[in-house]
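Engineer: Below is the structure I would like to discuss, written out as structure tokens.
Derivation of every value follows stated rules applied to the coordinates shown; laboratory data play no part. Source: prediction; values computed, not measured. As a convention, Cβ positions derive from the backbone with ideal geometry for all residues, glycine included, and neighbour counts pool all protein chains shown.
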């Protein structure tokens, strides 16, 4: 339900009063659920509807670059996939236009027709203006591991035992010869569907990356069965691409393994009341099953093939 603006704390009221598109009164303000590194406020007034993204309090160990987020959000809007950027103030937050549509769910992503629209949105984003930075999940994982060690945050059982398998995945995927502007954090809630097209929101982890990382991350975040990754990859590339399916599965595995450390850092440093550890362990347990599973060596071989 919308929260009347008079119930907001004075700091937030002052922030909304200082942003050109949200200052007009009367206005209604609604807290949007789902943000783990931002507070997201939907603001409606005579000037329209916008979303104000306010960075969450905390030590900022995740290394989110808000200037990159802003620049890449602008580029995503130019591609026609992201929300228009209405206002940006370093250190305070980003304001974007509110996009119509319903946030997808893991269950909705099991519908092939929805996956077709998701693939089309990814292709449109990937064909748009390049982002101002690169994103490499292997580098992110290494940086997060160093932070966990430095601060003494906890690790799940056997975490470092999988370093050789991670190195094998990196070798199988080969050098980064083709990158495109990627969101890199496509959990279902960051995909808005109006029934005809999908739009993509939230560019905190955006950067130029291998397109198969994007596809594998969608598949992994939603815990989709392997046949639906075939559907997503074929929709994206226009034909079956077995090697790209293998690459996407391996990228999804690396993402699960790396985001576990994100959860460890958040559990140890975030002031938010959220069970980050359980969130991360769900991903980690699936990563362990894949590292230990009978398909791992086959995926390494398949990813090296051309198709």
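Engineer: I'd like the Kirkwood hydrodynamic radius of segment 149-277, using the inverse of the mean 1/r over distinct C-alpha pairs, in Å. Display every interim value, and only then the final one.
Structural biologist: Details: mean 1/r = 0.0616 Å⁻¹.
Kirkwood radius, segment 149-277: 16.2 Å.
Engineer: Also, I was wondering about something else. How much FRET efficiency would the formula 1/(1 + (r/R0)^6) give for residue 142 and residue 223, where r is the Cβ-Cβ distance and R0 is 25 Å, rounded to 0.05?
Structural biologist: Working: r = 25 Å, r/R0 = 1.02.
The value I calculate is 0.45.
Engineer: Same structure, new question: Can you give me the C-alpha center-to-center distance between segment 106-135 and segment 235-285, rounded to a whole angstrom?
Structural biologist: 17
Engineer: What's the extension gain from residue 274 to residue 120 if we count 0.36 nm per residue and subtract their Cα-Cα distance?
Structural biologist: Details: separation 154, 0.36 × 154 = 55.44 nm, distance 3.31 nm.
Here the answer is 52.1 nm.
Engineer: Bins of 5 Å, beginning at zero and ending with the bin holding the largest distance: percent of Cα pairs per bin for segment 198-273, please.
Structural biologist: 3, 14, 21, 22, 18, 11, 5, 3, 1, 0
Engineer: Which value in Å does the Kirkwood hydrodynamic radius of the chain take, with 1/r averaged over all unlike C-alpha pairs and then inverted? Mind showing how you got there, number by number?
Structural biologist: Working: mean 1/r = 0.0495 Å⁻¹.
For the chain, inverting the mean 1/r across all distinct Cα pairs yields 20.2 Å.
Engineer: Can you check what the Kirkwood hydrodynamic radius comes to for segment 32-191, Cα pairs only, in Å to one decimal? Spell out each step's value before the answer.
Structural biologist: Details: mean 1/r = 0.0547 Å⁻¹.
18.3 Å is the Kirkwood radius here.
Engineer: Largest first and to the nearest Å, give the Cα extent of segment 3-97 along each principal axis.
Structural biologist: If we take the Cα atoms of segment 3-97, the spans are 34, 33, 23 Å.
Engineer: Still on this structure, I have one more. Ranked from highest to lowest mean number of other Cβ atoms within 10 Å per residue, what is the order of the peptides 227-233, 34-40?
Structural biologist: Final packing ranking: 227-233, 34-40.
Engineer: Grab the beta carbon distance between residue 113 and residue 297, set R0 = 35 Å, and tell me the FRET efficiency rounded to 0.05. Provide the component values of the computation, followed by the final result.
Structural biologist: Numbers: r = 34 Å, r/R0 = 0.98.
That gives a FRET efficiency of 0.55.
Engineer: Can I ask one more? Starting from 0 in steps of 10 Å, tell me what percent of the Cα-Cα pairs of segment 17-66 lands in each bin.
Structural biologist: 25, 43, 26, 6
Engineer: Where both partners of a DSSP beta bridge lie in the chain, what percent of those bridges are antiparallel, to the nearest 5?
Structural biologist: Taking every DSSP beta bridge within the chain, about 95 percent pair in antiparallel fashion.
Engineer: Additional query: Which order, highest average first, do 208-214, 124-130 follow once you tally other Cβ atoms within 10 Å for each residue and take the mean per peptide?
Structural biologist: Numbers: 208-214: 24.6, 124-130: 17.6.
Top to bottom by mean Cβ count within 10 Å: 208-214, 124-130.
Engineer: If the viscosity is 1.002 mPa s and the temperature 20 °C, what translational diffusion coefficient in µm²/s does Stokes-Einstein give for segment 127-183 when Rh comes from Kirkwood over Cα pairs?
Structural biologist: Details: Rh = 13.7 Å.
Estimated diffusion coefficient is 156 µm²/s.
Engineer: Sticking with this one: So between residue 306 and residue 197, what do we pick up on full extension, going 0.36 nm a residue minus the alpha carbon distance? Walk me through the numbers before you get to the answer.
Structural biologist: On the way: separation 109, 0.36 × 109 = 39.24 nm, distance 3.11 nm.
The residue 306-residue 197 span can extend by a further 36.1 nm.
Engineer: Could you list 29, 81, 180 in order of exposure, starting from the residue whose Cβ has the fewest other Cβ atoms within 10 Å?
Structural biologist: Numbers: 29 21, 81 25, 180 18.
Arranged by neighbour count, lowest to highest, 29, 81, 180 become 180, 29, 81.
Engineer: Tell me, in nm to one decimal, what length is gained between residue 24 and residue 9 on full extension, where the rule is 0.36 nm per residue of separation less the Cα-Cα distance?
Structural biologist: Contour length minus the Cα-Cα distance gives 3.6 nm.
Engineer: Simple spin-label model, 7 Å along Cα-to-Cβ: residue 167 to residue 281 in nm?
Structural biologist: With each label point 7 Å from Cα toward Cβ, the separation is 3.0 nm.
Engineer: Just grab the label-to-label distance for residue 89 and residue 160, each label 7 Å out from Cα along the Cβ direction, in nm (one decimal).
Structural biologist: Taking the two extended label points, one gets 4.5 nm.
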